[in-house]
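The values are calculated or read from the model by the stated rules, or taken from the named source; none is laboratory data. Predicted model, so just to flag it, every value in this text is computed and none were measured. Heads up, the Cβs are rebuilt from the backbone with ideal geometry, glycines too, and the neighbour counts pull from every protein chain shown.
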C-alpha cells in the first residue's frame, strides 16, 4: 500500500520516522516529491495541496491530519464517494484539555485582574474569598471526540461542567444538553465558555452578543473551534462593557493573524497561534496505521466522517 503525506506539519522528520516505524511495510511518499500521475491508496492531509487537481482512481480514503475536517469536506476536488476519516490522537486531545484547564484556572484566580494590578504596581487586597473549583461553572460547546475529552477532563478536575451538542450524548460526570433549546440552558450563568464546535453554516458567528449575555457577568470565552465561530465585533463590545472578563483565542478568521488586528494589543485577550492541540508523531502514526489496517482488511474505517456509514459527531 502507498500512503502520500501532504501536510506541512507531517513533513517533519519526527512524523515521517514515526509513520515508517509504525508501518514498515507501507510505501510512504511526501507530496512535494510525488510525481504527477502517481498512484496511491491513502492521502494524509488537513487541507488538499494547492496543486492537487484530481484524485487517482487508486485513492481509497483521505485521512484528515488535524482536529477539524471541514476544510476537506467542503473541497469540491474530493469525490463524494471517497471516505474521509479523522485523526484520533490522545496526545492532541490531552493538549486541548491542558489549554482548557489553563483557562479554567486563570478564570478561577482572576488572572486578568491580577495582571492589570501587576502592570500598575497596585497592591490590591482580595475583595472576596478565593473561589473553589466547585464554584466555577463551565460550559463546553461541541461533543465530538475532542470536546468530549475536554469536558470529561474538566469534570474529573472538579469543575461543574455542562456540555452541548446537536444530538443527544451521555458522558459520565457531565450534564449534557442538545438541540436548539439546549444551547441556552448550557451557557446560562456559566463562568467559562469553551468552544470546540466544528465549522458549519449554522455555527458561524455562534459566539455573539446573544450568547455572551447569557453567561455570568465577567465570564471568560475560550475559542478552540474555528475562527468563523466568533463575532469579533460582539467580543470587542462585550470586553469593553465588562460583560466578558476576558478571552482565550487560539483560532482566527484570518491566519496568520494580521499584525494590525486589535486582538494583539487588548489587555484582556490571550492569544496563541493555532497551536492549542497539535497532532503528535506517536498518536498520528497509530491513527494512520489503524486506517491502513482497516483498508487492507476491507473493514470499517475508524474515525469515519464521510463515506459509507459515517459516524455522526456533534
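Values as computed for the structure displayed
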quantity: Residue selected from region 195-225 under the condition part of a helix (DSSP H, G or I) and in contact with a helix residue (DSSP H, G or I) (Cβ under 9 Å, 6 or more places away or on another chain), by the criterion surrounded by the fewest Cβ atoms within 10 Å (Cβ to Cβ); calculated: 210
quantity: Index of the failed condition, residue 228 passing every other in (1) in contact with a strand residue (DSSP E or B) (Cβ under 9 Å, 6 or more places away or on another chain); (2) surrounded by 15 or more Cβ atoms within 10 Å (Cβ to Cβ); calculated: (1)
quantity: Residues located in region 126-156, provided they are touching a helix residue (DSSP H, G or I) at 6+ places or on another chain (Cβ under 6 Å) and at pLDDT below 95; calculated: 131
quantity: Qualifying positions in region 1-48 - touching a strand residue (DSSP E or B) at 6+ places or on another chain (Cβ under 8 Å), part of a loop (DSSP other than H, G, I, E, B) and more than 24 Å from residue 274 (Cβ to Cβ); calculated: 1, 23, 26, 34, 38, 39, 40, 41
quantity: Enumeration of residues in region 49-77 that are part of a loop (DSSP other than H, G, I, E, B) and under 25 Å from residue 299 (Cα atoms); calculated: 55, 56, 57, 58, 59, 60, 65, 66, 67, 68, 69
